[in-house]
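The values are calculated or read from the model by the stated rules, or taken from the named source; none is laboratory data. Quantities reported herein were computed from a predicted structural model and do not represent experimental measurements. Note: ideal-geometry Cβ built from the backbone for every residue, glycine included; neighbour counts use all protein chains shown.
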């Protein structure tokens with residue numbers, strides 16, 4: 001009996017130990033499974049998101065992948081958002097957006113992105129209406145709180161008023177502008193002016209009224225500017241007494257220098273504060289405040305996406321923009337902006353045209369661009385020429401004569417595709433329609449021949465190299481170039497070279 005109990009106890013103990021071992025093994029296997037799954041998710045969750053209203057848009061995740069449809073025949077310009085995943089953050093992807101023109105004197109516009117998620121993981125691309133299709137309207141109003149000089153011994157005041165990023169004007173008692181309809185900010189400043197007309201180069205009072213709705217009609221609209229303040233939604237403040245300075249270095253002999261410093265509001269009204277052709281000048285920042293954790297300000301007077309815009313440009317002997325420095329910032333109190341113009345592009349790219357029937361393919365090669373103190377993070381090719389003839393039996397309503405391609409390329413994409421450390425090459429095909437299919441698997445043929453370049457014709461090109469401060473990525477540069485939007489302070493440089501490709 002005791003022997004049987006001992007044997008049973010032994011068996012039960014072994015079984016319990018086996019159960020515990022199996023449980024441990026099961027736990028280990030579950031943990032391994034979770035670890036592997038996490039690794040897989042890390043890879044598969046490197047994503048790229050795009051927002052677009054393009055008429056025709058495609059993307060592909062890798063050079064071996066087929067193009068996938070985002071939009072085709074999107075003639076109502078409906079906004080679409082697409083997020084796709086790539087194998088890893090350095091995987092090269094391609095996007096293409098088409099904005100066809102419906103005017104013979106405006107070119108079709110094709111935008112192409114060659115990038116990696118590490119450099120550009122968000123793209124906000126919108127086709128824009130032609131300027132002549134946007135309703136413009138007269139806007140006028142009184143300007144109050146500005147005293148006028150009335151004798152040789154008296155210094156009066158003058159105001160500068162802006163309601164768009166295109167036009168601003170000086171005024172005393174009233175102003176009148178032609179402005180595109182939509183949401184606008186009314187921005188202004190006033191400063192001293194002598195009776196002889198000499199403007200004292202120092203703004204004194206800042207004015208902003210945000211979010212003024214301009215109706216979609218051609219009817220005149222009244223917007224008054226009152227520097228006395230007191231109205232709801234109006235912000236008036238005095239400029240400070242601590243100016244900042246700008247010093248520009250690196251201007252080459254024979255170049256002409258221009259600099260502009262202004263305030264860009266949330267609704268993209270631009271108010272110029274300073275214009276100069278000197279290599280040194282000073283300016284005073286707009287008197288808006290930013291949230292300060294130490295001071296515990298209740299609210300920032302700066303709104304998201306607004307701040308100062310400083311642009312310094314070196315023009316070559318043809319008065320073309322050869323080199324440019326751009327800096328976006330909010331505050332600049334008693335700060336020295338030491339600006340070094342970027343290096344000149346010394347080596348001209350090689351460009352070739354290859355006829356493929358009545359279309360032509362473009363092949364370009366160029367050396368990497370180096371700019372001391374900055375990282376070159378983006379190249380932009382622009383090509384302009386005659387549009388190819390339309391396909392037989394598919395004549396457009398309006399014959400458009402020209403086409404323009406804007407091609408953004410990042411160094412990470414070039415590295416993955418096969419470029420060397422110091423030289424790159426890029427072949428642009430005649431179309432971007434390779435076995436496209438819709439959601440149910442039927443073929444789509446929406447790419448049009450007239451979006452490509454006509455065989456045996458000249459193509460003009462421009463190559464720009466963008467180098468950026470460590471706060472910025474290619475994402476930020478493209479967003480600013482396309483939409484003049486920014487959400488942080490950063491700076492970048494741009495060097496250009498241009499020529500034409502002969503057939």
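Here are the numbers for this structure:
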item	result
Residue ranges of strands (runs of 3 or more DSSP E) in the stretch 63-123 with at least 3 members in the same structural domain as residue 477 (by TED's automatic domain parsing), modelled with pLDDT of 95 or more and within 18 Å of residue 414 (Cβ to Cβ)	92-99, 108-116
Total residues in the stretch 128-148, condition part of a loop (DSSP other than H, G, I, E, B) and either surrounded by fewer than 18 Cβ atoms within 10 Å (Cβ to Cβ) or at pLDDT 95 or above (or both)	8
Test for residue 405: is it touching a residue at least 24 places away in the same chain (Cβ under 8 Å) and outside any strand (DSSP E or B)	no
Filtered residues of the stretch 149-184 (kept if surrounded by 18 or more Cβ atoms within 10 Å (Cβ to Cβ), assigned to a strand (DSSP E or B) and at pLDDT below 85)	none
Tabulated pairs, the stretch 354-367, first in contact (Cβ under 8 Å) with a residue 12 or more places away in the chain, second exposed (fewer than 14 other Cβ atoms within 10 Å of the Cβ) and not in a strand (DSSP E or B), C-beta under 7 angstrom, 6+ apart or interchain	355/456; 361/429; 367/347; 367/422
Residue check for residue 410: surrounded by fewer than 20 Cβ atoms within 10 Å (Cβ to Cβ), in the same structural domain as residue 94 (by TED's automatic domain parsing) and touching a helix residue (DSSP H, G or I) at 6+ places or on another chain (Cβ under 9 Å)	no
